[in-house]
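The values are calculated or read from the model by the stated rules, or taken from the named source; none is laboratory data. All figures in this text were calculated on a predicted structure; none of them were measured in a lab. Note: ideal-geometry Cβ built from the backbone for every residue, glycine included; neighbour counts use all protein chains shown. These area figures cover heavy atoms from the full protein model, side chains too; ligands, DNA and RNA do not enter into them. Shrake-Rupley method; radii C 1.70, N 1.55, O 1.52, S 1.80 Å.
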Amino acid sequence: MSKKETKKVPFDPGFSNHYPQIEDDIILQVDYASKLKAVNQRKFQLQMLENKLLTPLKKIALINYACVLYGSTIANKYKDIPAEVIDNPMLKMSEVEKESLDLSIEAKSIIELYQKLSKNITFNLKRKIKLSLDLEKFTSLYIEFVTINDHFKNLTSTNQIKLPQEMNYFNDFSSTKLEEIEERLTEIAKNGNLDELLNIS
């Protein structure tokens, strides 16, 4: 590759296409259900909300985790020869818009929703929520990632990406390993089989 040619990598290989929508008033729905006086009705409504939210909450946690995995991969794979990050939507924002940009807001609201639902299920149904992964861990990691990168407001190159300390183990991966992970992440972003992210290490 000549000096004039620079490798280009997408800001998002396609994970955002699988991001589920959650109703804006869902926390209010959980609050309402938890305050119903009839015990059986309260339990029923909480179970209904749990069933309704399990899949989207899991998807969101996995997509948050995918963002950190992808960032860790390209930051290390192109450590010696940085690649250009293309299609970063934040670059199209005005300076005024960037000033108020906070990519962690929705993630924080997801943690709040999860904690509220989990607490009410534990108290009313005497069991743990039926979520098979650590939503708070994955989402908190994502919040740290976007925060230390200033919400990617001016990200144009892989050498600008900062990683949470928890992802330092990526520094030890070979170029072959990083290539393999990048390919797997790209494929998962296309096919939407987000559970496969849990097998990447």
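From the set of residues in the range 29-55 that are of a type in the set (D, E, K, R) and touching a residue at least 60 places away in the same chain (Cβ under 8 Å), which is nearest to E196 (Cα to Cα)? Let's see the steps before the verdict.
Going through the range 29-55, the residues of a type in the set (D, E, K, R) turn out to be 31, 35, 37, 42-43, 50, 52.
Filter again for touching a residue at least 60 places away in the same chain (Cβ under 8 Å), leaving 31, 42-43, 50.
Values: D31: 33, R42: 35, K43: 33, E50: 23 Å.
This residue is E50.
List the helices (runs of 4 or more DSSP H) that sit entirely inside the range 72-158 and contain at least 2 residues that are under 18 Å from F15 (Cα atoms). Give the derivation first.
Details: elements: 95-99, 105-125, 135-148.
So the answer is 105-125, 135-148.
Table: residues versus (1) open to solvent by 80 Å² or more (accessible area, probe 1.4 Å); (2) over 30 Å from D172 (Cβ atoms).
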residue: P13; (1), (2): no, no
residue: S34; (1), (2): no, yes
residue: Q47; (1), (2): no, yes
residue: N64; (1), (2): no, no
residue: G71; (1), (2): no, no
residue: N76; (1), (2): no, no
residue: K79; (1), (2): yes, no
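Touching a Lys or Arg at 6+ places or on another chain (Cβ under 8 Å), small (G, A, S), open to solvent by 60 Å² or more (accessible area, probe 1.4 Å) and not in a helix (DSSP H, G or I) - does that describe any residue in the range 167-184?
There is no residue in the range 167-184 that is touching a Lys or Arg at 6+ places or on another chain (Cβ under 8 Å), small (G, A, S), open to solvent by 60 Å² or more (accessible area, probe 1.4 Å) and not in a helix (DSSP H, G or I).
In the range 148-161, which residue that is under 15 Å from L69 (Cβ atoms) and under 17 Å from the mean Cα position of the chain (by Cα) is surrounded by the most Cβ atoms within 10 Å (Cβ to Cβ)? Break it down stepwise before answering.
Step one: of the range 148-161, the residues under 15 Å from L69 (Cβ atoms) are 149, 158, 161.
Checking the rest, the ones that are also under 17 Å from the mean Cα position of the chain (by Cα) come to 149, 161.
Details: N149: 18, I161: 22.
Among those that are under 15 Å from L69 (Cβ atoms) and under 17 Å from the mean Cα position of the chain (by Cα), it is I161.
I'm trying to understand the selection: among the residues of the range 12-28, which are on the phi < 0 side of the Ramachandran plot, assigned to a loop (DSSP other than H, G, I, E, B) and in contact (Cβ under 8 Å) with a residue 24 or more places away in the chain?
Of the residues in the range 12-28, the ones on the phi < 0 side of the Ramachandran plot are 12-13, 15-28.
Within this subset, residues satisfying the condition of being assigned to a loop (DSSP other than H, G, I, E, B) are 12-13, 19-25.
Within the range 12-28, D12, P13, Y19, P20, Q21, I22 meet the criteria.
Would you please list the contacts, defined by Cβ atoms under 7 Å and residues six or more apart or on different chains, that run from a residue in the range 180-201 that is within 15 Å of D12 (Cα to Cα) and among the small types (G, A, S) to a residue that is open to solvent by less than 60 Å² (accessible area, probe 1.4 Å) and modelled with pLDDT of 95 or more?
Matching pairs, first to second residue: A189/P13; A189/G14; A189/F15; G192/H18.
Hey, does the range 127-147 have a residue that's open to solvent by 60 Å² or more (accessible area, probe 1.4 Å), under 21 Å from I74 (Cα atoms) and in contact with a Ser or Thr (Cβ under 7 Å, 6 or more places away or on another chain)? Can you show your working first?
Taking the range 127-147 and keeping what is open to solvent by 60 Å² or more (accessible area, probe 1.4 Å), we get 127-128, 130, 132, 134, 136-137, 144, 147.
Now narrow it down to the ones that are under 21 Å from I74 (Cα atoms): 144, 147.
Okay, now just the ones that are also in contact with a Ser or Thr (Cβ under 7 Å, 6 or more places away or on another chain), so 147.
Yes - at least one qualifying residue is present in the range 127-147.
All but one of (1) in a helix (DSSP H, G or I); (2) closer than 24 Å to K8 by Cβ hold for K162; which doesn't?
Here K162 meets the rest and fails (1).
Given the structure, is K52 surrounded by 14 or more Cβ atoms within 10 Å (Cβ to Cβ), in a helix (DSSP H, G or I), in contact with a Pro (Cβ under 6 Å, 6 or more places away or on another chain) and basic (K, R)? Show your work before the answer.
Details: surrounded by 14 or more Cβ atoms within 10 Å (Cβ to Cβ): yes; in a helix (DSSP H, G or I): yes; in contact with a Pro (Cβ under 6 Å, 6 or more places away or on another chain): no; basic (K, R): yes.
Criteria not met by K52.
Do you know which residues across the range 85-102 are of a type outside the set (K, R) and open to solvent by 70 Å² or more (accessible area, probe 1.4 Å)? Working first, answer last.
First, pick out the residues of the range 85-102 that are of a type outside the set (K, R): 85-91, 93-97, 99-102.
Residues satisfying the conditions are D87, L91, E95, V96, E97, E99, S100.
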